[in-house]
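The values are calculated or read from the model by the stated rules, or taken from the named source; none is laboratory data. Bear in mind that the values here come from a model prediction, so they are computed numbers and not experimental data. Note that we place each Cβ from the backbone using ideal geometry, even for glycine, and neighbour counts take in every protein chain shown. Protein only, heavy atoms only, side chains kept; ligands, DNA and RNA dropped before computing areas. Shrake-Rupley method; radii C 1.70, N 1.55, O 1.52, S 1.80 Å.
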Amino acid sequence: MSAEPPAATLRLRLDRDALANNWLTLDRLSGIANAGAAVKAQAYGVGTAFAVPVLRDAGCKTYYVAHWSEVAEVVEHVPGNQISVLHGPLTAADAAYARATGALPVINSLQQARLWLETGGGPCDVMVDTGINRLGVSMSDIGDPLVSQLKVETLMSHLASADEDSVLNALQLRRFTGATTQIASKRLSLANSAGVALGADYAFDVTRPGLSLYGGAQRDELKGQIRQVVYPEAAIIQVRDLSAGDSVGYNAKFTADRDMRVGVVSIGYADGFLRCWSGKAAFEFGGQALPLLGRLSMDMVVIDCSNAPGIGEGAWIGIPYDLPSASANSGLSQYELLTVLGSRFQRIVPD
Ligand SMILES: *Cc1c(COP(=O)(O)O)cnc(C)c1O
């Protein structure tokens with residue numbers, strides 16, 4: 001049987017212009033540097049197949065993924081040598097795959113440098129650790145002959161606290177500037193999205209925004225300039241009339257104090273709409289707020305439809321997803337809000 005599945009009851013409306021504009025804004029804020037794009041984790045949940053062509057057509061020429069498994073979908077849209085793989089090569093198979101696809105490994109340690117050289121060398125990027133203590137060649141190792149043998153396209157480091165006015169920012173900048181005098185490379189890169197807002201000193205040649213491409217803004221400098229890209233929407237699949245005293249959902253966490261009309265909405269925690277929204281979320285319909293009632297379940301939530309008397313089954317309900325305010329409201333980070341969105345959303349890109 002090969003029937004097409006019918007239309008979904010859960011969708012992500014994706015704003016192509018907002019994504020393109022966010023990249024252009026970050027590219028402009030990067031000054032003389034060019035903005036690249038972090039497209040790891042399915043472009044932060046937005047979808048690689050949607051995001052990469054939009055970014056490419058906007059002018060982006062550098063793409064960052066974390067895993068080797070993420071290269072295949074990106075290389076369908078852009079040349080392999082525009083893709084950097086942040087986790088770097090752990091095995092000879094990783095190194096062979098890099099050469100087969102043209103994707104650049106980001107070398108994060110002397111072991112990775114040795115592996116890359118022993119399997120044939122060639123162009124690569126290098127990450128130096130200037131204080132995040134996550135991935136990266138340690139500052140004490142940057143003078144090693146293994147590093148000086150590498151053919152470095154982009155020398156990079158990653159900021160730990162660019163979203164805050166932390167003393168770590170200037171310290172990492174100073175260490176990175178020091179590293180650039182010891183490792184020869186064609187290009188330099190330090191700033192993520194929040195780092196772009198730290199100003200020209202942090203921009204170097206290429207910036208690496210991720211979150212702000214997709215509508216996130218962690219610094220005031222970016223709020224107001226970055227547009228929402230992702231609009232989750234779910235359909236009402238049943239309308240019910242409750243009598244005073246009826247309870248709703250698992251463990252009866254909500255009890256009606258009056259007769260009321262409620263809607264069962266096709267979204268749950270399996271879709272990334274997590275329990276932290278209980279008691280916090282109000283959905284939207286026709287400009288009205290429809291509060292979430294009781295405990296949310298795997299595939300559904302129940303909402304109060306008192307403010308939308310005419311509402312019926314099939315109506316599309318908006319889930320407020322302006323990332324800075326949704327983060328403040330739910331307690332999830334802006335990154336989590338995007339990357340938890342599940343696979344049951346149908347992705348819709350209006351013209
Ligand atoms: C994820 C990532 C980025 C993008 O960071 P945002 O905060 O999402 O802009 C940039 N550089 C590296 C090394 C990353 O891992």
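Points worth noting:
- Test result for Ala33, within 13 Å of the ligand (Cβ to nearest atom) and either in contact with an Asp or Glu (Cβ under 8 Å, 6 or more places away or on another chain) or open to solvent by less than 50 Å² (accessible area, probe 1.4 Å) (or both): no
- Pairs with Cβ under 8 Å, 6+ apart, first in region 148-173 and in a loop (DSSP other than H, G, I, E, B), second of a type in the set (Phe, Trp, Tyr): Leu150/Trp116; Ser157/Phe176; Leu159/Tyr202; Ala162/Tyr202
- Tallying residues that are away from the ligand (no atom under 12 Å from the Cβ) and within 20 Å of Pro79 (Cα to Cα) within region 108-125 yields 4.
- Total residues in region 277-300, condition hydrophobic (A, V, I, L, M, F, W, C) and either open to solvent by 40 Å² or more (accessible area, probe 1.4 Å) or part of a loop (DSSP other than H, G, I, E, B) (or both): 6
- Candidate set from region 126-142 (those that are open to solvent by 60 Å² or more (accessible area, probe 1.4 Å) and either away from the ligand (no atom under 11 Å from the Cβ) or in contact (Cβ under 8 Å) with a residue 60 or more places away in the chain (or both)); member that is nearest to Asp220 (Cα to Cα): Asn133
- Residue among Val65, Val85, Val39, Val52 that alone is of a type outside the set (Gly, Ala, Ser), under 30 Å from Ala235 (Cβ atoms) and within 12 Å of the ligand (Cβ to nearest atom): Val39
- Counting only helices (runs of 4 or more DSSP H) wholly contained in region 1-88, the ones carrying 3 or more residues that are within 19 Å of Tyr335 (Cα to Cα) and at pLDDT 95 or above occupy 16-29, 40-44, 48-58.
- Restricting attention to region 218-230, the residues that are more than 14 Å from the ligand (Cβ to nearest atom) and without any contact (Cβ under 8 Å) to a residue 60 or more places away in the chain add up to 2.
- For the criterion of being modelled with pLDDT of 95 or more, within 16 Å of the ligand (Cβ to nearest atom) and in a strand (DSSP E or B), Glu233 fails.
- Where Leu90 falls short, out of the listed (1) more than 30 Å from Pro232 (Cβ to Cβ); (2) open to solvent by 20 Å² or more (accessible area, probe 1.4 Å); (3) in contact with a strand residue (DSSP E or B) (Cβ under 8 Å, 6 or more places away or on another chain): (3)
- Scanning region 170-200 for residues that are more than 16 Å from Ala217 (Cα to Cα) and within 22 Å of the chain's Cα centre (by Cα) yields Ser189, Leu190.
- Subset of region 236-276 that is of a type in the set (A, V, I, L, M) and in a helix (DSSP H, G or I) - its residue that is farthest from Glu313 (Cα to Cα): Ala252
- Whichever residue in region 177-194 is within 16 Å of Ser30 (Cβ to Cβ) and touching a Ser or Thr at 6+ places or on another chain (Cβ under 7 Å) and, among such residues, is nearest to the ligand (Cβ to nearest atom): Ser193
- Failed condition for Gln172, given (1) touching a Ser or Thr at 6+ places or on another chain (Cβ under 9 Å); (2) within 13 Å of the ligand (Cβ to nearest atom); (3) under 28 Å from Arg28 (Cα atoms); (4) open to solvent by 10 Å² or more (accessible area, probe 1.4 Å): (4)
- Test: residue in region 310-322 that is crowded, with 18+ Cβ neighbours inside 10 Å, more than 30 Å from Gly216 (Cβ to Cβ) and of a type outside the set (Ser, Thr, Tyr): yes
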